[in-house]
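Worksheet for the structure shown next.
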Amino acid sequence: MDNEIFEALFEIVTFFNQPQQDRKLLQQASIPLEPAALPIIVRVGRQPEISIGELADQIGRNHSSISRQVDKLVTAGWLVEVERRDQRIRRLNLSPQGQRALLQIKLAREAAIRQKLSNYSNADRTELLQVLQQLAATLTGPGDYQE
């Protein structure tokens with residue numbers, strides 16, 4: 001059964017990592033951004049004052065690629081740099097425009113998930129939430145992941 005759990009998780013991660021899903025979500029939210037910008041906006045919104053290096057690690061892209069994308073988002077007014085305490089590390093926050101965009105993205109994501117889960121009963125949705133929260137706590141808690 002462990003392999004089936006991994007396979008199900010792999011399918012879920014694949015679904016969420018497809019650029020066409022990000023493109024669709026941005027269109028539904030009426031946000032004029034490239035799909036590559038979506039994970040940056042979402043992560044900065046979830047982790048204020050995140051550094052470019054931390055973003056690169058979490059998103060799985062190289063530092064220079066994320067840095068170039070961030071420069072575009074700062075110039076376009078979606079992100080702002082936090083005052084630097086250490087000149088080597090750039091930390092980011094959402095601008096007011098970025099905060100509004102994140103809210104629109106969340107609303108579009110909620111609508112899409114609600115539609116996908118429309119055949120689930122309230123009890124099934126509650127159970128799914130509990131199991132996913134437990135899994136998230138397990139995977140992000142202390143201890144090493146071993147495959």
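The values are calculated or read from the model by the stated rules, or taken from the named source; none is laboratory data. On a predicted model such as this, the values are computed, not experimentally measured, just so you know. Heads up, the Cβs are rebuilt from the backbone with ideal geometry, glycines too, and the neighbour counts pull from every protein chain shown. The accessibility values were calculated without ligands, DNA or RNA, using every heavy atom of the protein model including side chains. Shrake-Rupley method; radii C 1.70, N 1.55, O 1.52, S 1.80 Å.
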Review point. Do you know which of the residues in the stretch 47-57 that are in contact with a strand residue (DSSP E or B) (Cβ under 8 Å, 6 or more places away or on another chain) and surrounded by 15 or more Cβ atoms within 10 Å (Cβ to Cβ) is nearest to residue 17 (Cα to Cα)?
Key: 55
Exercise for review: Quick one: residue 98 ticks every box in (1) in a helix (DSSP H, G or I); (2) among the small types (Gly, Ala, Ser); (3) more than 15 Å from the chain's Cα centre (by Cα) except a single one, so which number is it?
Suggested key: (3)
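Residue by residue, here is whether (1) β-branched (Val, Ile, Thr); (2) farther than 18 Å from residue 108 by Cβ holds:
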{"residue": "4", "(1), (2)": "no, yes"}
{"residue": "8", "(1), (2)": "no, yes"}
{"residue": "24", "(1), (2)": "no, no"}
{"residue": "36", "(1), (2)": "no, no"}
{"residue": "41", "(1), (2)": "yes, no"}
{"residue": "49", "(1), (2)": "no, yes"}
{"residue": "77", "(1), (2)": "no, yes"}
Check your understanding: Does residue 44 count as more than 15 Å from the chain's Cα centre (by Cα), surrounded by 15 or more Cβ atoms within 10 Å (Cβ to Cβ) and not in a loop (DSSP other than H, G, I, E, B)?
Key -> no
Review point. Would it be correct to say that residue 74 is open to solvent by 40 Å² or more (accessible area, probe 1.4 Å), of a type in the set (A, V, I, L, M, F, W, C) and assigned to a helix (DSSP H, G or I)?
Key: yes
Review point. Taking the stretch 1-28 only, how many residues are more than 15 Å from the chain's Cα centre (by Cα) and either of a type in the set (Gly, Ala, Ser) or open to solvent by less than 90 Å² (accessible area, probe 1.4 Å) (or both)?
Key: 5
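Quick check on my filter: what residues within the stretch 78-91 are surrounded by 12 or more Cβ atoms within 10 Å (Cβ to Cβ) and farther than 12 Å from residue 42 by Cα?
80, 81, 82, 89, 90, 91 - these are the residues of the stretch 78-91 that are surrounded by 12 or more Cβ atoms within 10 Å (Cβ to Cβ) and farther than 12 Å from residue 42 by Cα.
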Check your understanding: With respect to residue 107, is the statement that it is within 25 Å of residue 25 (Cα to Cα), open to solvent by 90 Å² or more (accessible area, probe 1.4 Å), of a type outside the set (Ser, Thr, Tyr) and touching a residue at least 60 places away in the same chain (Cβ under 8 Å) true?
Key -> yes
Practice item. Given the conditions (1) touching a residue at least 24 places away in the same chain (Cβ under 8 Å); (2) out of contact with any helix residue (DSSP H, G or I) (no Cβ under 6 Å at 6 or more places or on another chain); (3) part of a helix (DSSP H, G or I), report the number of the one that residue 136 does not fulfil. Key: (1)
Check your understanding: Of 73, 92, 55, 33, which residue is among the hydrophobic types (A, V, I, L, M, F, W, C) and within 14 Å of the chain's Cα centre (by Cα)?
Key -> 55
Point to revise | Meets criteria (open to solvent by less than 80 Å² (accessible area, probe 1.4 Å) and more than 24 Å from residue 32 (Cβ to Cβ)) for residue 121 | key: yes
